[in-house]
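Derivation of every value follows stated rules applied to the coordinates shown; laboratory data play no part. Just so it is clear, the model here is predicted, and its values are computed rather than measured. As a convention, Cβ positions derive from the backbone with ideal geometry for all residues, glycine included, and neighbour counts pool all protein chains shown.
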């Protein structure tokens, strides 16, 4: 029989399981994403590994383009997709045309080689948008650092198009067929003719991309987790901005004619 005068010890909090390392978070992003985002919510916000992975595969594609296509050809392919710009180029003398193509090729190469900076900039903008929306629109409690980390893990599927594009280049894809803005057949627009398709429709078809939608789903789950809100709040936040971006692209297509 227990002594009624004896003070019973208070049970302490249950010990937390050890956090995941970055490789485990990367793996779980593809197999069990909730575990990755729960780990970020516990305070493990390191994001440099998924960033390096993203940059690595961008560099692999960069090398493939340099070896198999060439940057002047990339620029020429881009110009061919813009009839007005192509018409202006046709009015140049052969010497002017050659100089313009060299400049366009070098400029394109510089822009693509700046992908490590562009990835950071893009992640910052997207993180700011979804962080402010989930917190101020839905009363979430996420920190910007948590959302920034979630963004880098959620966007890991974006390595798939560079991988597929690189494989296609080394498998013998014609340089004239390579489009830097749509390197792999993960979206509907890849299978349409840019010249023969209404530009607004083409822009909308570009948004119907299974990798982009996969990323959006992961980001929705992740920001809902770190913000302490329902998944529906995460989906509304992310796909709401996805819809805004789609409308912008379609509007630009309408103006292009």
Nearest-ten-degree value, helix 22-31 long axis tilted from longest Cα axis of the chain: 80 degrees
Footprinting exposure proxy for 202, 235 (fewest neighbouring C-beta atoms within 10 Å first): 235, 202
Scattering curve values for the chain, log₁₀ I(q)/I(0), Debye with Cα scatterers, q = 0.15 Å⁻¹: -1.14
Helix 71-80 axis, angle to the chain major axis (alpha carbon atoms, nearest 10°): 80 degrees
Per-peptide average of other Cβ atoms within 10 Å, ordering 174-180, 20-26 highest first: 20-26, 174-180
Among 129-135, 30-36, 94-100, the order from most to least packed when residues are scored by Cβ within 10 Å on average: 129-135, 30-36, 94-100
Helix axis angle, 48-68 relative to the chain longest principal axis, alpha carbon, degrees: 20 degrees
